[in-house]
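The values are calculated or read from the model by the stated rules, or taken from the named source; none is laboratory data. Predicted, not measured: the structure shown is a model, and the values here were computed from it. Here the Cβ positions follow ideal geometry from the backbone for every residue, glycine too, while neighbour counts run over all protein chains shown. To get the accessible areas, we keep the full protein, side chains included, count just its heavy atoms, and leave off ligands, DNA and RNA. Shrake-Rupley method; radii C 1.70, N 1.55, O 1.52, S 1.80 Å.
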Amino acid sequence: EIMMVLEGEWSVEEAVDTIKQRTRRFAKRQFSWFRRIEEIHWWDLTKEANRVKKMDEICQFVAGKFAINAE
C-alpha cells in the first residue's frame with residue numbers, strides 16, 4: 001500500500017482505507033483459525049465490571065501452566 005502511494009498510484013487516503021480493510025480481514029482469519037484450536041482459552045474483557053476478576057483468572061491459569069511439579 002505504501003509503495004502504491006510512493007509510486008503515485010494511490011492517495012494516502014486510499015492506502016489507509018486499504019490497510020484498515022486488509023487488517024480487519026486478516027484479524028478475522030486469525031480469529032477463525034484460533035477458534036478451531038480446543039486448547040485455547042478465551043476470556044471476555046470487554047465488560048469493565050468483570051475485568052479485574054477475569055485478569056485474576058488469567059493470572060492463575062498462566063501460573064498453573066508454568067507450575068513446577070514437586071514430585
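Under 9 Å between Cβ atoms, which residue pairs at least 6 apart in sequence (or on different chains) link something in the stretch 42-60 that is within 19 Å of Phe31 (Cβ to Cβ) with a partner that is β-branched (Val, Ile, Thr)?
Qualifying pairs under 9 Å: Trp43/Ile58; Leu45/Ile58.
For Lys54, only one of the following conditions fails: (1) modelled with pLDDT of 95 or more; (2) assigned to a helix (DSSP H, G or I); (3) open to solvent by less than 70 Å² (accessible area, probe 1.4 Å); (4) not hydrophobic (A, V, I, L, M, F, W, C). What is its number?
It is condition (1) that Lys54 fails.
How about the stretch 11-34: which of its residues are open to solvent by less than 100 Å² (accessible area, probe 1.4 Å) and over 16 Å from Glu1 (Cβ atoms)?
Listed by number, the residues that qualify are Ala27, Gln30, Phe31, Ser32, Phe34.
Are any of the residues in the stretch 11-18 more than 21 Å from the chain's Cα centre (by Cα), free of Cβ contacts under 8 Å to residues at least 12 places away in the same chain and not in a helix (DSSP H, G or I)?
Taking every residue of the stretch 11-18 in turn, at least one turns out to be more than 21 Å from the chain's Cα centre (by Cα), free of Cβ contacts under 8 Å to residues at least 12 places away in the same chain and not in a helix (DSSP H, G or I).
Does Glu1 meet the test of being in contact with a helix residue (DSSP H, G or I) (Cβ under 8 Å, 6 or more places away or on another chain) and acidic (Asp, Glu)? Don't jump to the end; show me each part of the working.
Working: in contact with a helix residue (DSSP H, G or I) (Cβ under 8 Å, 6 or more places away or on another chain): yes; acidic (Asp, Glu): yes.
The answer is yes for Glu1.
Which condition breaks for Ile37 when tested against (1) assigned to a loop (DSSP other than H, G, I, E, B); (2) touching a residue at least 12 places away in the same chain (Cβ under 8 Å); (3) open to solvent by less than 70 Å² (accessible area, probe 1.4 Å)?
(2)
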